[in-house]
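Undergrad: This structure is in structure tokens; I'll ask about it shortly.
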Amino acid sequence: MFDGLRFSHWHASMGADGVLVLCLDRAGSGVNALSRSLLDELDSMLERIAIECPAAVVIHSGKPSGFAVGADLKEFESYDRKGTVREEIEYGQRVFERLARLPMPTVAAIHGTCMGGGTELALACRMRIAARAPETRIALPEVQLGIHPGWGGTARLPRLIGAPKALAMMLTGRAASAERALAEGLVDRLAAPDALLDEAHKLALRPLTRPFAQRARAWFSNCWPARQILAPIMRKQTAAKAAPKHYPAPFALIEVWRRGGGDIAQRLKLEARSVAKLAGTPTAHNLIRIFFLRERLRGLAGDTAHGIQHVHVIGAGVMGGDIAAWSALRGFEVTLQDREMKFVEPALARARKLFEKKLKTRERIAPVEARLTPDVEGAGTASSQLAIEAIYENREAKETVYREIEPRIANDALIATNTSSIPLNELRGAVVEPRRFLGLHFFNPVAQMPLVEVVRHDALDPSLEKRAWAWVKAIGKLPLPVLGTPGFLVNRILVPYLLEAVRCHTEGIPDPVIDRAGKRFGMPMGPIELIDTVGLDVALSVGRELGPFLGLELPNGIADKVEGGKRGKKDGQGFYVWKDGRPEKSKVEAGSHAPADLEDRLILPMLNEAVACLHDGVVADADLLDAGVIFGTGFAPFRGGPIQYIRTTGAGVLRERLEALAHTHGTRFAPKQGWFNPELAKPG
């Protein structure tokens, strides 16, 4: 049937039932990223299929990891540099529209990861069937890259499942499970993973008709009056979460949908024009760069095996308990130790809530709960391959823990600390074999924050460090290698921001005004609210540890609250009063305006310390520094990280603003060493 056509990325086979099966299997890659050459081959196949007219067509993936991860972003970047983004998008649209117009039934058989362009490929088929498995995840996450779907996603998905559900899916980028995809009409049927292809055959030969009510709801939500009514509502809801000037893509997506009529050609034209415009924005450039930074962190360990089955955690406080729960959730046997059972029980209760949120059903929760075992006596130390100390920030107490566990743990096991600020060159003195001692610094809340700083020192065995990177990747986190100097990377950069916010508080600037200044820059949370969330006791401990190293005095306003039992969110009162997990922010009087230099006072100390960290070699290069600060603090992603922001704004400009702050507010703002680093002069 395809004689004379040679394919690298597709394999075709015709069944006795007349169903043509197309296997998507990109050559030389572990995943199916949709490249131009892959689309060229698909276009050639579709041309032949239209002539030969098989009974039906089934498209599936030959990759164990999933269906397709979306467009090849390296190619996308090259199109942006050449100014050909719109042409390439329109080409992909034409290929998918050719698939959509085939006269016979077409079925996409989806397993594992199905993202972006992969989802749009599936949408171009008449029907979709998905594997009923936890690994099946279907999404259109392009807004997270500063663009929106461009190969027909905005044109087809709202007409399939209705505008409200489709817009919610595209505006958030959140992935749908197989069950949710079925419930919302995104897929037509589910199948057991090992029967997926057989069931796709059956579906292709006996096509389903979508229920009339579902089709009617989808039509009504996309008619002209509905679009004009819903679009302003969606814009308002989106603006409450993201500023249009910082993140234009969601608002462009809403506008494309609002203007799109019944003609798919018109909708595709609007879509292509909008994505091409967004692709040239600084936000898209920075968010795509962040995607590659994430991939770089994920790839650090390479093929290294971590060799860990059992993790023993000492300290059942918020951090230790949550590290234990997350490790169990990700498939590891975990024992959790503390002085008495009464200290372990709250951690187990939090773990149950996490498991219920992530796993939903009792059938899936039970085996995970069984992997998390309370262990007051510490018996699990002997059988573990990784022991993590996560007690309070006290050097002597931590050293006592190491002396107790090292004689009991296996010779090839790793011993780690979750310290957030104490230099490892000091702590390693309490370990007989420092080659296997390192830091694994998690961030709060553990379930949400993607970064783990893997903290090294001069006696650490590099091969064991790579095992730690591999384990961090295995629990679904991003490992960042950092030097074991005070505060490592993230806290060293974050502490000046937080302490300056407290100083502003003591000067009488209202807390909501301070928080608004941080959020206006693009931080996910204001600094005062962040201190309350982390805990004033933690902020006080870290501030005392790092203050002398950073040349900063601890301002009034933290110690007195901690001494009064006000530790923030966990106690219900800190700088704010907290109710139902939210801070009560009183309305600030109309006359309480932010000082003109407030944003600079908060943000420039972070940039100053970032430059110093780069100068001191805390991380290997500027890209890793930006990755660490973004994934560890949520630093305004659309700005690309502190070093990228310095490059965009200009090191000289920011240095002068620091000097002006130093003249007005004190020497703590004086520019640190490193501002003349050539890395800062690279194009932003």
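Laboratory data are not the source of any read-out in this text; all were calculated from the coordinates shown. Keep in mind the model is a prediction, meaning the values are calculated, not measured. Here Cβ is always computed from backbone atoms with ideal geometry, including for glycine, and neighbour counts include all displayed protein chains.
Undergrad: What is the Cα centroid distance between the stretch 459-512 and the stretch 520-569, reported in whole angstrom?
TA: 14 Å
Undergrad: Here is a further query. With everything on Cα atoms, drop me the angle between helix 651-665 and the longest principal axis of the chain, reported from 0 to 90° to the nearest 10.
TA: Computed tilt is about 40 degrees.
Undergrad: Normalized C-alpha radius of gyration of the stretch 10-280, against 2.2 N^0.38 Å?
TA: Values: Rg = 17.7 Å, N = 271, 2.2 N^0.38 = 18.5 Å.
Rg over 2.2 N^0.38 Å, computed on Cα atoms: 0.96.
Undergrad: Could you work out the relative contact order of the stretch 10-280? I mean the mean sequence separation of Cα pairs under 8 Å and 6+ apart, divided by the number of residues, in percent.
TA: Relative contact order comes out at 18 percent.
Undergrad: Over the Cα atoms of the stretch 310-484, how large are the radius of gyration and the largest Cα-Cα distance (Dmax), in Å?
TA: 15.0, 47
Undergrad: Right, something else. Just need the relative contact order of the chain here, percent rounded to a whole number, with Cα pairs under 8 Å and 6+ apart.
TA: The normalised contact order for the chain reaches 8 percent.
Undergrad: Treat every Asp and Glu Cβ in the chain as -1 and every Lys and Arg Cβ as +1, leave all other atoms uncharged, and give the resulting dipole magnitude about the Cα centre to the nearest 20 debye.
TA: 2440 debye
Undergrad: Let's test the formula: R0 of 30 Å, r as the Cβ-Cβ distance of Cys223 and Arg94. What FRET efficiency results, to the nearest 0.05? The partial results should precede the final answer.
TA: Values: r = 27 Å, r/R0 = 0.90.
Efficiency, rounded to the nearest 0.05: 0.65.
Undergrad: Only Cα pairs under 8 Å and at least 6 apart count here; give the relative contact order of the stretch 457-591 as a rounded whole percent.
TA: 21 percent
Undergrad: Another question about this same structure. For a distance above 38 Å, tell me the whole-number percent of Cα pairs in the chain that qualify.
TA: 43 percent
Undergrad: Here is a further query. For the stretch 508-614, run through the trypsin sites (Lys or Arg not before Pro) and keep only the ones in DSSP coil with at most 11 other Cβ atoms within 10 Å of their Cβ. Before the final figure, lay out each step's value.
TA: Values: sites: Arg516, Lys519, Arg520, Arg544, Lys561, Lys566, Arg567, Lys569, Lys570, Lys579, Lys585, Lys587, Arg601; in loops: Lys566, Arg567, Lys585, Lys587.
Passing sites in the stretch 508-614 are Lys587.
Undergrad: Using the Karplus curve 6.51 cos²θ - 1.76 cosθ + 1.60 with θ = phi - 60°, what ³J(HN,Hα) values do you get for each residue of the stretch 117-125, in whole Hz, with x for Gly and Pro?
TA: x, x, 5, 5, 4, 5, 5, 6, 7
Undergrad: Mind putting a number on the dipole of the stretch 496-582 about its Cα centre? Charges go on the C-beta only, +1 for Lys and Arg and -1 for Asp and Glu, and I need it in Debye to the nearest 20.
TA: 300 debye
Undergrad: What is the packing order of peptides 492-505, 347-360, 240-253, taking the mean over residues of other C-beta atoms within 10 Å and listing the highest first?
TA: Sorting 492-505, 347-360, 240-253 by mean packing, highest first, produces 492-505, 240-253, 347-360.
Undergrad: Rounded to the nearest 5, what is the percent of antiparallel bridges among the DSSP beta bridges in the chain?
TA: 25 percent
Undergrad: Now a separate question. Using mean Cβ contacts within 10 Å as the protection proxy, how do 634-644, 115-125 order, highest first?
TA: Descending mean neighbour count gives 115-125, 634-644.
Undergrad: Another question, if that's okay. Calculate for the chain the 222 nm mean residue ellipticity that helices alone would give, adding -39,500 (n - 2.57) per DSSP H run of length 4 or more and normalising by residue count, nearest 500 deg cm²/dmol.
TA: -15000 deg cm²/dmol
Undergrad: Ok, one more. Please state the charge dipole magnitude for the stretch 310-484, taken about the Cα centre, from unit charges on C-beta atoms (+1 on K and R, -1 on D and E), reported in debye and rounded to the nearest 20. Could the numbers behind the result be given before it?
TA: Details: 24 positive and 23 negative charges, 163 e Å.
Roughly 780 debye for the stretch 310-484.
Undergrad: Which of Val311, Val577 comes first, and how do the rest follow, when ranked by fewest Cβ neighbours within 10 Å? Before the final figure, lay out each step's value.
TA: Working: Val311 27, Val577 14.
Arranged by neighbour count, lowest to highest, Val311, Val577 become Val577, Val311.
Undergrad: Looking at Ala176, Val452, Gln93, which one has the Cα that reaches farthest to the positive end of the dipole of the chain (charges on Cβ: Lys, Arg +1; Asp, Glu -1)?
TA: Going by the Cα projections, it comes out as Gln93.
Undergrad: Could you please state, rounded to a whole Å, how far the C-alpha centre of the stretch 624-684 is from the C-alpha centre of the stretch 37-59?
TA: 52 Å
Undergrad: Does anyone have the angle between helix 249-259 and the longest principal axis of the chain? Alpha-carbon axes, 0 to 90°, nearest 10?
TA: That helix lies at roughly 30 degrees to the long axis.
Undergrad: What's the angle, to the nearest 10 degrees (0 to 90), between helix 282-298's Cα axis and the longest principal axis of the chain?
TA: Between helix and principal axis, roughly 80 degrees.
Undergrad: If you average 1/r across every pair of different Cα atoms in the stretch 189-281 and take the reciprocal, what Kirkwood value do you get, in Å? Walk me through the numbers before you get to the answer.
TA: Values: mean 1/r = 0.0614 Å⁻¹.
Across the stretch 189-281, the inverse of the average 1/r is 16.3 Å.
Undergrad: If each residue's Cβ is checked for other Cβ atoms within 10 Å, how do Asp375, Asp43, Asp188, Asp580 rank with the fewest at the top?
TA: The fewest-first ordering by Cβ neighbours comes to Asp580, Asp43, Asp188, Asp375.
Undergrad: From the backbone phi of the stretch 575-582, what are the Karplus-calculated ³J(HN,Hα) couplings (6.51 cos²θ - 1.76 cosθ + 1.60, θ = phi - 60°) in whole Hz, Gly and Pro given as x?
TA: Rounded to whole hertz, the list is 6, 10, 8, 10, 9, 6, x, 10.
Undergrad: Would you please put 231-237, 621-627, 332-338 in order of how densely packed they are, using the mean number of other Cβ atoms within 10 angstrom per residue and starting with the highest?
TA: Top of the packing list down: 332-338, 621-627, 231-237.
Undergrad: Taking every DSSP beta bridge with both residues inside the stretch 310-484, roughly what % is antiparallel (nearest 5)?
TA: So the antiparallel bridges amount to about 10 percent of the total.
Undergrad: Restricting to the stretch 418-567, what percent of DSSP beta bridges are antiparallel, rounded to 5?
TA: 35 percent
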